[in-house]
Amino acid sequence: MSAGDDQPSSPMNFASSTTAGQKDYWLPMEKNTLEFYLTYSQFDNTDFTTYFDTWSLGANEKTLFKERNMERNGWAMGWLANDVTRDPDTGALIKDNSLGGSVKMDVFIHDGVGDPNLPGFGISRSNPQVSLSNEISDLTHDGAQWHPPTYSDATQGYDTGSAVNQAYKAVLGLTDPQFDTVVNSMSVREYDPNALIVTNKAIDLNRTPAQLILDGVLDHNGQQYLYQDAFLNRDPTDANYGEPYAAGSNDGGVIAGLLGQSAYDPNVNNWGDQQVIRIDLSAETFTDGNITQIVFYDFGDSIPGSVAPTDPNQVNPRKIVFGIDTTQTVDHGQIYFDAPNQPRIWFPENRIYIAQVRDVPEPATGVLLLAGGLVIAARRKRKHT
């Protein structure tokens, strides 16, 4: 948002509309914590051929809704850093725009674009896009929400001439220079994953998508292992830059259009065909008491009342906590997970994978745990004594 007006985010689940006796669920937020969650919207997986028949919309509005949402599956991944500050007596928000910390994070997605025909569901379209970015310009506010533009895979950029962005500009009344202002204001943006290494390595390591190609990393079928999407929570031209958040607020983003399914077959181990979300975090994010823990909220089965009628998963997510040990060297990793009855699992490159099945890419990775049908995995390395 604009300077001095940092607007917080508060993800919620309208549980009261689907689960009898339950109030709406608001995702917990914690100071100095980086939190991830997955969500699903049926609206983002709708066939728009006849969807507008009862709508009173102009041509630009219809184009914008169709192009933005039809090519997106309903799954989205969001994250928040930090929490708001409230008055302990009244609960009112206390604005404190002093620097709270910063997050330097890259998200890469393999096999993210596709139109698989899922038995019993039909076509599930997928095209990952930024659907929410903190710091986005107020030029995108339509009176209710802030709307980001759409990234073009064809041109590897936010193309002002594409049909969806032409409609976007018309609906919001933006000129081309204003459109550029919007793109430059976004703290979470999409980039060409295979061009990032040209000017700046992603997280000061050598496993950017382009470097994997140079190193000859192949998938199960002997083809180049590629990441088709890259989302950066930072400025890729400045190696020292992380996305700052205010001490009295939070900061984050949402990537929509995630497939949530894969063509993986355990009988043939075609692991290269599955969708993989890779999250890279810089060690700088964890210095000086900045981010002190990472939390994944797992809502498990999406069927209301799947645990018990009075305690359904959608208002009682499993909290998966990853610790940060700043006394360790980068070689040992700063992110760790304390698994029950096991040695501590270290994330030596501060990299987390999320996939649907247990086999994950890039050899020598190990599965950490199963979460709501997804797998969270890490390069596994134990602490040396």
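The values are calculated or read from the model by the stated rules, or taken from the named source; none is laboratory data. These numbers were taken from a predicted model, which means no experiment stands behind them. In this analysis, Cβ positions are derived from the backbone assuming ideal geometry, glycine residues included, and neighbour counts consider all displayed protein chains.
No other residue among Ile203, Ile213, Ile197 is modelled with pLDDT under 90, out of contact with any Phe, Trp or Tyr (no Cβ under 9 Å at 6 or more places or on another chain) and either assigned to a helix (DSSP H, G or I) or among the aromatic types (Phe, Trp, Tyr) (or both) apart from Ile197.
Applying a threshold of 9 Å to beta carbon distances and a minimum spacing of six or more residues, or different chains, the list of pairs starting in region 67-94 at a residue that is surrounded by fewer than 13 Cβ atoms within 10 Å (Cβ to Cβ) and of a type in the set (D, E, K, R) and ending at one that is assigned to a strand (DSSP E or B) and at pLDDT 80 or above reads Arg86/Leu93; Asp87/Leu93. Listed by first and then second residue, the pairs with beta-carbon distance under 9 Å, at least 6 apart or on different chains, first residue in region 314-326 and charged (D, E, K, R), second at pLDDT below 80 and not in a loop (DSSP other than H, G, I, E, B), are Arg318/Asp298; Arg318/Ala371; Lys319/Asp298.
Ser2 - would you say it is closer than 20 Å to Ser187 by Cβ and modelled with pLDDT of 70 or more? The answer is no for Ser2. Each residue in region 160-182 was checked for being farther than 24 Å from Leu57 by Cα and charged (D, E, K, R), and 1 pass. For Thr237, are the conditions met, namely being modelled with pLDDT under 90, loosely packed, with under 15 Cβ neighbours inside 10 Å and within 24 Å of the chain's Cα centre (by Cα)? It is true that Thr237 is modelled with pLDDT under 90, loosely packed, with under 15 Cβ neighbours inside 10 Å and within 24 Å of the chain's Cα centre (by Cα). Answer yes or no: is there a residue in region 148-155 that is modelled with pLDDT under 90, under 22 Å from Glu67 (Cα atoms), part of a loop (DSSP other than H, G, I, E, B) and not small (Gly, Ala, Ser). Looking through region 148-155, at least one residue is modelled with pLDDT under 90, under 22 Å from Glu67 (Cα atoms), part of a loop (DSSP other than H, G, I, E, B) and not small (Gly, Ala, Ser). Taken together, Gly305, Gly257, Gly242, Gly222 contain a single residue that is modelled with pLDDT of 85 or more and surrounded by 14 or more Cβ atoms within 10 Å (Cβ to Cβ), which is Gly257. Looking only at region 142-163, residues that are under 22 Å from the mean Cα position of the chain (by Cα), over 18 Å from Ala195 (Cα atoms) and either surrounded by 14 or more Cβ atoms within 10 Å (Cβ to Cβ) or of a type in the set (Gly, Ala, Ser) (or both) come to 5 in all.
Taking each residue of region 145-158 that is among the polar types (S, T, N, Q) and looking for partners that are assigned to a loop (DSSP other than H, G, I, E, B) with beta-carbon atoms closer than 8 Å, six or more apart or interchain, yields Thr150/Tyr158; Thr150/Ser162; Ser152/Tyr158; Ser152/Asp159; Ser152/Ser162; Thr155/Ser162; Gln156/Asp192; Gln156/Ala195. When Asp229 is tested against (1) modelled with pLDDT of 85 or more; (2) closer than 22 Å to Glu349 by Cβ; (3) touching a helix residue (DSSP H, G or I) at 6+ places or on another chain (Cβ under 8 Å), just one condition goes unmet, and that condition is (3).
Of the listed requirements (1) surrounded by 14 or more Cβ atoms within 10 Å (Cβ to Cβ); (2) modelled with pLDDT of 85 or more; (3) touching a strand residue (DSSP E or B) at 6+ places or on another chain (Cβ under 9 Å), Gln178 misses just one: (3). Please specify each residue of region 245-277 satisfying the condition of being in a loop (DSSP other than H, G, I, E, B) and either of a type in the set (Lys, Arg) or within 16 Å of Leu38 (Cα to Cα) (or both). Hits for region 245-277 are Leu259, Gly260, Gln261, Gln275. Look at (1) within 23 Å of Ala154 (Cα to Cα); (2) surrounded by 15 or more Cβ atoms within 10 Å (Cβ to Cβ); (3) modelled with pLDDT of 85 or more; (4) among the polar types (S, T, N, Q) and you find that Ser249 fails only one, number (1).
Of all the residues in region 328-352, those that are crowded, with 21+ Cβ neighbours inside 10 Å, at pLDDT below 85 and either on the phi > 0 side of the Ramachandran plot or part of a strand (DSSP E or B) (or both) number 4. The residues in region 169-187 that are part of a loop (DSSP other than H, G, I, E, B) and either hydroxyl-bearing (Ser, Thr, Tyr) or more than 13 Å from His147 (Cα to Cα) (or both) can be counted, and the count is 2.
Taking the criterion of being touching a helix residue (DSSP H, G or I) at 6+ places or on another chain (Cβ under 6 Å) and either closer than 23 Å to Asn127 by Cα or at pLDDT below 80 (or both), the residues of region 269-300 that qualify are Phe299, Gly300. Scanning region 20-70 for residues that are part of a loop (DSSP other than H, G, I, E, B), within 20 Å of the chain's Cα centre (by Cα) and either modelled with pLDDT of 80 or more or under 19 Å from Val188 (Cβ atoms) (or both) turns up Leu27, Pro28, Met29, Glu30, Lys31, Asn32, Ser41.
If you go through region 308-327 and keep only what is out of contact with any helix residue (DSSP H, G or I) (no Cβ under 8 Å at 6 or more places or on another chain), farther than 19 Å from Ala81 by Cα, at pLDDT 65 or above and not hydroxyl-bearing (Ser, Thr, Tyr), you end up with just Asn316.
Identify the residue in region 125-141 that is at pLDDT below 90 and over 17 Å from Arg68 (Cβ atoms) and, among all such residues, is surrounded by the most Cβ atoms within 10 Å (Cβ to Cβ). Out of the qualifying residues, it is Asn134.
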